[in-house]
Amino acid sequence: MPYDYRPFPYTAPKGLTAPEPRHKVAIVGAGPIGLALAIDLAQYGVPSVVLDDNNVVSVGSRAICWSKRSLEILDRLGVGGKCVEKGVIWKVGRTFHRDQEVWNFDLQPDPGHKMPAFVNLQQYYVEEYLVTRALEFPDLIDLRWKNKVTALTQTDHVNLTVETPDGPYTLEADHLVACDGARSEIRSMLGLDFDGELFEERFLIADIEMKGDFPSERRFWFEPPFHPGQSALLHKQPDNIYRIDLQLGWDADPEAERQPERVIPRIQKAVGHKDFRLDWVSVYTFQCRRLERFVHDQVIFCGDSAHIVSPFGARGGNGGLQDVDALGWRLAAVAKGHDPTILNAYDRERQHAADENLLNSSRTTRFMSPAPGAERLFRDAVLALAAKAPFARPLVNSGRLSRPCTYPLTAPDDPTLPPASRPGAVAPDAPLKQGWLIDQLGREPALLAIGQPAPDIAGLRALSLEVTPDLQNRYLGSAPSALYLVRPDQIVAARWLKATPAMIADALTAIWKD
């Protein structure tokens, strides 16, 4: 059954009849990034108004691969469980050259995590769950459909002109967060543009409904028999929907390639039969670009409005949720009176993350669509060797799947502890006697005292944990005990084998600074 795109109700805003009080935060865009940010702020008790020019969830599956880190963030927002329950869980990827498998990988080889490595779930479901969750905060989230921002100015606050079916009105906010996607009109209103690369390559993306026995894996082909000389990707989604990406080449006419009479024969060759229904089609171009800065006075960019990458590697939607993760607690603090320079840390950290994503996406794009000469020779040699030589297989690049970056923090650290839990990294999950470690972290700083007593630090929640094999492996290594300071976004802020209360208090203070 096709997804039921039910429109959300439009309500005439108060600003049409009388001036509204200034809002703490205005969010433009009610996609997964804007909705996630509104919910994150609401859980800190900070109100926001969310403006969207549409009144339905996104059409087509769009982002479908949600990483373990994104699922942990969505879980903290109250919808992660629903996403896992509905989605297709997977962790294995296979890459083929023609009809021979040349490389495979397991994204979560060790057990002991609450969330799986990846879940495939259409973006419209994620948005639906987030809208339902947002409506649970009627006093903190003002969700306005069919409200299109048409003008923007800023001084010490933001002034917006908003068009509705009943006419225009004005709105003020202390901060505006642009979550309005790759074609961000807020970005255009400020005269900003992306820097980066636009690659001369086009891909057809199609969702089809069919009954099939394909495994719950990511499957990628270089030069498959059903699409000679090009590449292809297959992902299984819920409701018997399959995502198929087919490389077209730069000379392909995007409008012509969207037509069913062109799409259906290509899909027939890929799946080997005609028993399917075409659900959604698009043609896209590879881009790896970003804004120079993500914070522009009172306007903050988040998600695809700030950066855009090629889809191979699932770094778009996942990167956007990690933007929310880095921004929400800081913006909530500013809304409650904290020094706004803390937002500079969001800008700095997420630029670093965007650069890492752009680098990985650019490398993938060059391997998939090599330029004539050295790039092509290298790609072809790797594929030829991978079938026979194990050393060449990790060089096959069909998309390095999204993982959270490690921020380059200057923070107290003991390098004898495991590198996976160093400052700047996401605190690794682990099973506890009751529940999961990840559920004990987030929304406020926390001190993990593993295998030693927890010092009493004013304003800091402490967790005393007995050493378990998983904690030993992920947090201690060969050490008998350790202390970890974890930020509100579950990022390790500092760690020690031993520390005085004054040392911990200093590191806690540093969390709230630029």
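The values are calculated or read from the model by the stated rules, or taken from the named source; none is laboratory data. These numbers come from a predicted model, not from an experiment. Cβ coordinates were reconstructed from backbone atoms using ideal geometry, including for glycine residues, and neighbour counts include every protein chain displayed. The accessibility values were calculated without ligands, DNA or RNA, using every heavy atom of the protein model including side chains. Shrake-Rupley method; radii C 1.70, N 1.55, O 1.52, S 1.80 Å.
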**Report entry** Matching residues in segment 129-164 - criterion: being part of a loop (DSSP other than H, G, I, E, B) and under 19 Å from ASP40 (Cβ atoms)
**Finding:** LEU135, GLU136, PHE137, PRO138, ASP139, LEU140
Query raised in the report: Out of (1) more than 20 Å from LEU37 (Cβ to Cβ); (2) at pLDDT 95 or above; (3) of a type in the set (D, E, K, R), what's the single condition that is false for LYS336?
Result: (1)
Report summary line: Only unsatisfied item for VAL50, checking (1) at pLDDT below 95; (2) buried (at least 19 other Cβ atoms within 10 Å of the Cβ); (3) not in a loop (DSSP other than H, G, I, E, B), is (1)
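Restricting attention to segment 1-43, and to residues there that are among the hydroxyl-bearing types (Ser, Thr, Tyr) and touching a Phe, Trp or Tyr at 6+ places or on another chain (Cβ under 7 Å), which single residue is least open to solvent (accessible area, probe 1.4 Å)?
TYR3
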Query raised in the report: Would it be correct to say that VAL131 is β-branched (Val, Ile, Thr), open to solvent by less than 10 Å² (accessible area, probe 1.4 Å), closer than 30 Å to LEU190 by Cα and within 24 Å of the chain's Cα centre (by Cα)?
Result: yes
Query raised in the report: Here are ASP439, ASP355: which of them is under 22 Å from the mean Cα position of the chain (by Cα), closer than 30 Å to GLN247 by Cβ and either among the small types (Gly, Ala, Ser) or surrounded by fewer than 20 Cβ atoms within 10 Å (Cβ to Cβ) (or both)?
Result: ASP355
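Matching residues to (1) open to solvent by 20 Å² or more (accessible area, probe 1.4 Å); (2) out of contact with any Gly (no Cβ under 8 Å at 6 or more places or on another chain); (3) modelled with pLDDT of 95 or more; (4) hydroxyl-bearing (Ser, Thr, Tyr):
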residue: LYS274; (1), (2), (3), (4): yes, yes, no, no
residue: SER282; (1), (2), (3), (4): yes, no, no, yes
residue: GLN287; (1), (2), (3), (4): yes, no, no, no
residue: GLU292; (1), (2), (3), (4): yes, yes, yes, no
residue: PHE312; (1), (2), (3), (4): no, no, no, no
residue: ASP325; (1), (2), (3), (4): no, yes, yes, no
residue: ARG348; (1), (2), (3), (4): yes, yes, yes, no
residue: GLU375; (1), (2), (3), (4): yes, yes, no, no
Query raised in the report: Which residues, taken from segment 65-78, are buried (at least 23 other Cβ atoms within 10 Å of the Cβ) and touching a helix residue (DSSP H, G or I) at 6+ places or on another chain (Cβ under 6 Å)?
Result: SER67, SER70, LEU71, GLU72, ILE73, LEU74, LEU77
Requested in this report: Just name the residue that is nearest to THR365 (Cα to Cα) out of those in segment 382-405 that are under 16 Å from the mean Cα position of the chain (by Cα) and open to solvent by 40 Å² or more (accessible area, probe 1.4 Å).
Outcome: ARG400
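So which of PHE105, PHE118 is open to solvent by less than 20 Å² (accessible area, probe 1.4 Å) and among the aromatic types (Phe, Trp, Tyr)?
One residue alone meets the criteria, PHE118.
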Query raised in the report: Given the structure, is SER361 of a type in the set (Ser, Thr, Tyr), under 20 Å from GLU127 (Cβ atoms), touching a residue at least 12 places away in the same chain (Cβ under 8 Å) and open to solvent by less than 20 Å² (accessible area, probe 1.4 Å)?
Result: no
Query raised in the report: With (1) open to solvent by 30 Å² or more (accessible area, probe 1.4 Å); (2) of a type outside the set (Gly, Ala, Ser); (3) in a helix (DSSP H, G or I); (4) in contact with a Ser or Thr (Cβ under 9 Å, 6 or more places away or on another chain) as the list, and ARG62 as the residue in question, which single condition is left unmet?
Result: (3)
Report summary line: Residues in segment 196-210 that are among the aromatic types (Phe, Trp, Tyr) and over 11 Å from VAL283 (Cβ atoms) total 1
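Take segment 494-506 and flag every residue that is among the small types (Gly, Ala, Ser) and either open to solvent by 10 Å² or more (accessible area, probe 1.4 Å) or modelled with pLDDT under 95 (or both). Don't jump to the end; show me each part of the working.
Filtering segment 494-506 down to residues among the small types (Gly, Ala, Ser) leaves 494, 499, 502, 505.
Selection gives ALA499, ALA502, ALA505.
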